[in-house]
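*Asks:* After the C-alpha cells below, expect a handful of questions from me.
The values are calculated or read from the model by the stated rules, or taken from the named source; none is laboratory data. All of these numbers come straight from a predicted model, not from anything done at the bench. Backbone-built Cβ (ideal geometry, glycine too); neighbour counts: all protein chains shown. For accessibility, only protein heavy atoms count, side chains too; no ligands or nucleic acids. Shrake-Rupley method; radii C 1.70, N 1.55, O 1.52, S 1.80 Å.
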Amino acid sequence: MSTPETMHAVRITRHGGLEALERAEVAIPVPAEGEVLVRVMAVALNNTDLWTREGSYGRPGDPDALSGWRGPIGFPRIQGADVAGRVTAAGARKDEALIGRRVVVDPAIYDAGGPDANPVGLMGSERDGGYAEYVLAPVERVHDVTGSPLTDDQLAALPTAYGTALGMIERGRLEAGQTVLVSGASGGVGLAAVQLARARGARVLAVSNAAKQDAVREAGAHIVLDRARDLPAQIRAAAPDGIDVALDVVAGDLVSQGLPLLREGGRWVVAGALGGHGVRFDVRRLYLHNAQLIGSSMHTPAHFDLLMDLARRAEIQPVIAAAYPLGQAAAAQRELALRRHVGKIVLHPPAPGSRAPAA
C-alpha cells in the first residue's frame, strides 16, 4: 500500500496547559538521504512531554524562561520522543533494505558522531516526534529489532526512560554484587532503573510510596523503602555498610540526606529533580570520602546500543500501564501528570487506511 500524502498528528503551537495540544492534518515528511520514514506503531509518553509543553526546563542564567528540553522550540512542534514502528521509505537506495523492518528510534540529537557523544536535543522538542502516524529518523538512529519478542508498546517504552536509566547505570559504573539505591522507583525512569540494575546483578533498594511498593518489588527490587518515612534510617538499616551507587531522579533534600550514606568511593547519579532543583549539601562528604556527584542526561549512542541488545533478547520487560488512541493525547498526558500509574503510558496512531482521527 502506498504512503498517503497527509497524516494525523498531535502538536503544540505554544507553551501552556493541555489546551496547547492540537490535533492536525499535516503533510507526511519525505525522507532525504540519510533518513528513513517510520510508520509509528506506538509512541510512549514521558515527563519530557509535559515539561516541554509547559516550557518548564528554563535556560542557563534564566531558570524561569519558557523553554523546551534544550532551548527555544520552533512551533508548531509534534511531540513524542519514544517511537516503535516499521520503516516504510528510505531517502537513499542503499538504505532500502530497512523498509519493512521493525525498529526503535533513538530520540537523541547528539553533539558528535562517536559512540560517547552527548545528547543536546530530543525528538519531540528540538525536532518533530512520534505523536503522529509517521516520523522521520536519521538512519544511524534507527535500530532493527525485528526479532524481538517484546510488543510494540514495550519497545516504545524503552528509549527515554530505559535509555536514561541505563545512562545513569553506566555513568555510575554499577557492577554486579554492588548495592544501588533507586529513587522515584515507581516512575518511568525509576522502574527502568530497578529492572536494569537487577539484570546487572546488583542488590536493589528502591524508594516508592506505599501504594506502589508491590509493583516496584515485582519489577525486581530486593527491598522497597517507604518515601513517607525516615528515609536515611531505612537506608542505614537495609545497607549498614553503605550504598555503592544511587540512581536519583528526585534530588532536592534527598541529595543532602543521602550523600553521607555512600560507601567510600560511592557515586550519586542525578538525572532528575522531582523533589526540587535547589540542593544544599556538605561538600566534605565528597572530597573526604572520594565520593562523586554525577549528572546524567539521557544516554550515549553506545548506551543505546546496549539497550537495544537487551531488547532483542527480551532481558527486560517494560510494564505498560495504559494505552490511548493518538487523538486522546491530552487525556493521556493528564493521566501521566496525575502519577497514579505504574509503568508506561502509550499512544496508538490510527491503523493504516483509517483516515478518521481517533477520538
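*Asks:* With all protein chains present, calculate the accessible area of Asp309 using a 1.4 Å probe and round the result to the nearest 10 Å².
*Replies:* Surface accessible to solvent at Asp309 totals approximately 60 Å².
*Asks:* Also: How big is the gap, in Å, between the Cα center of segment 123-156 and the Cα center of segment 54-84?
*Replies:* What the calculation gives is 20 Å, centre to centre.
*Asks:* Considering only Arg93, Arg39, Arg14, give the residue with the highest GNM mean-square fluctuation for the chain, with springs between Cα atoms whenever their separation is below 10 Å.
*Replies:* Looking only at Arg93, Arg39, Arg14, the biggest GNM fluctuation is shown by Arg93.
*Asks:* Expressed as an acute angle from 0 to 90° and rounded to the nearest 10, what is the orientation of the C-alpha long axis of helix 188-200 relative to the principal long axis of the chain?
*Replies:* Rounded to the nearest ten degrees, it is 70.
*Asks:* Can I ask one more? Restricting everything to alpha-carbon atoms, can you work out Rg to Rh for segment 166-298 with a Kirkwood hydrodynamic radius?
*Replies:* Numbers: Rg = 13.1 Å, Rh = 14.2 Å.
Rg/Rh for segment 166-298 comes to 0.92.
*Asks:* Separate question: Local charge sum around Ala112 (other residues, Cβ-Cβ under 15 Å, Lys/Arg +1, Asp/Glu -1)? All intermediate terms of the calculation are to be shown ahead of the outcome.
*Replies:* Working: positive: Arg141; negative: Asp106, Asp111, Asp116, Glu140.
Here the count lands on -3.
*Asks:* Determine ³J(HN,Hα), in whole Hz, for all residues of segment 159-176 in sequence, where each value follows from phi through the Karplus function 6.51 cos²θ - 1.76 cosθ + 1.60 and θ = phi - 60°; x replaces Gly and Pro.
*Replies:* Per residue, the Karplus-derived 3J(HN,Hα) values read x, 7, 5, 6, x, 5, 5, 5, x, 5, 5, 5, 5, x, 6, 5, 10, 4 Hz.
*Asks:* With every protein chain left in place, what is the accessible area per residue of segment 1-144 in square angstrom, probe 1.4 Å?
*Replies:* Details: 6060 Å² over 144 residues.
Value for segment 1-144: 42 Å² per residue.
*Asks:* If you put +1 on each Lys and Arg Cβ and -1 on each Asp and Glu Cβ, how big is the dipole of segment 245-308 around its Cα centre, in Debye rounded to 20?
*Replies:* Working: 5 positive and 5 negative charges, 39 e Å.
Dipole magnitude for segment 245-308 comes out near 180 debye.
*Asks:* Roughly what % antiparallel, to the nearest 5, for the DSSP beta bridges in segment 79-151?
*Replies:* Working: 9 of 10 bridges.
So the antiparallel bridges in segment 79-151 amount to around 90 percent.
*Asks:* So who's got an amide H within less than 5 Å of the one on Ser56, skipping anything under 5 residues away but keeping other chains? H placed 1.01 Å off N, in plane.
*Replies:* Placed amide hydrogens put Ser67 under 5 Å from Ser56.
*Asks:* Where nothing but the Cβ of Lys and Arg (+1) and of Asp and Glu (-1) is charged, how large is the charge dipole of the chain around its Cα centre, in debye to the nearest 20? Numbers along the way, then the final one.
*Replies:* Numbers: 37 positive and 39 negative charges, 117 e Å.
Taking the Cα centre of the chain as origin, the dipole is about 560 debye.
*Asks:* Check Val145: other-chain or 5+ apart residues with amide H under 5 Å from its amide H, H built from backbone geometry?
*Replies:* Hits under the 5 Å cutoff: Arg102, Val103, Val104.
*Asks:* Moving to a separate point now. Please report, as a whole percent, how much of the solvent-accessible surface of the chain comes from carbon and sulfur atoms (probe radius 1.4 Å).
*Replies:* Whole-percent figure for carbon plus sulfur exposure: 50.
*Asks:* Further question on the same structure: Please report how far the C-alpha centroid of segment 1-51 lies from that of segment 203-241, rounded to the nearest whole angstrom.
*Replies:* If we compute the Cα centre of each part, the gap is 38 Å.
*Asks:* Considering the options Pro72, Gly91, Gly276, tell which one lies farthest towards the positive end of the dipole of the chain, charges being +1 on Lys and Arg and -1 on Asp and Glu at the Cβ, about the Cα centre.
*Replies:* The one lying farthest along the dipole's positive direction is Gly276.
*Asks:* Only one of the listed values, (i) 4, 18, 20, 10, 7, 9, 11, 10, 7, 3, 1, 0; (ii) 6, 25, 34, 24, 9, 3, 0; (iii) 5, 22, 31, 27, 13, 3, 0, was derived from the coordinates as P(r) over Cα pairs in 10 Å bins from 0, in percent; which label is it?
*Replies:* The value computed from this structure is option (ii).
*Asks:* A follow-up question, please. Counting only residues 5 or more places away or on other chains, whose amide H sits under 5 Å from the amide H of Gly124 once H atoms are built in the peptide plane?
*Replies:* Answer set, sorted by chain and number: Gly129.
*Asks:* Go ahead and estimate [θ] at 222 nm for the chain from helices alone: -39,500 (n - 2.57) per DSSP H run with n ≥ 4, summed, over the residue count, rounded to 500.
*Replies:* Working: 10 runs with 82 residues, N = 359.
The helix-only estimate for the chain comes to -6000 deg cm²/dmol at 222 nm.
*Asks:* Ordered by packing density, taken as the mean number of other Cβ atoms within 10 Å over each peptide's residues, highest first, how do 230-240, 50-60 rank? Before the final figure, lay out the partial values.
*Replies:* Numbers: 230-240: 14.5, 50-60: 17.1.
Highest-to-lowest ranking by the protection proxy: 50-60, 230-240.
*Asks:* If you don't mind, there's one more thing I want to ask. Tell me the relative contact order for the chain as a rounded percent, counting alpha carbon contacts under 8 Å between residues six or more apart.
*Replies:* Numbers: 871 pairs, mean separation 64.3, N = 359.
Relative contact order, the chain: 18 percent.
*Asks:* With the dipole of the chain worked out from charges on the C-beta (+1 for Lys and Arg, -1 for Asp and Glu) around the Cα centre, which of Ala24, Ala210, Ala323 lies farthest toward the positive end?
*Replies:* So the residue furthest toward the plus end is Ala210.
*Asks:* Tilt of helix 329-338 relative to the longest C-alpha principal axis of the chain, in degrees (0 to 90, nearest 10)?
*Replies:* 10
*Asks:* In µm²/s, what is D for segment 53-141 at 20 °C and 1.002 mPa s, where D = kT/(6 pi eta Rh) by Stokes-Einstein and Rh is the Kirkwood radius from Cα pairs?
*Replies:* 149
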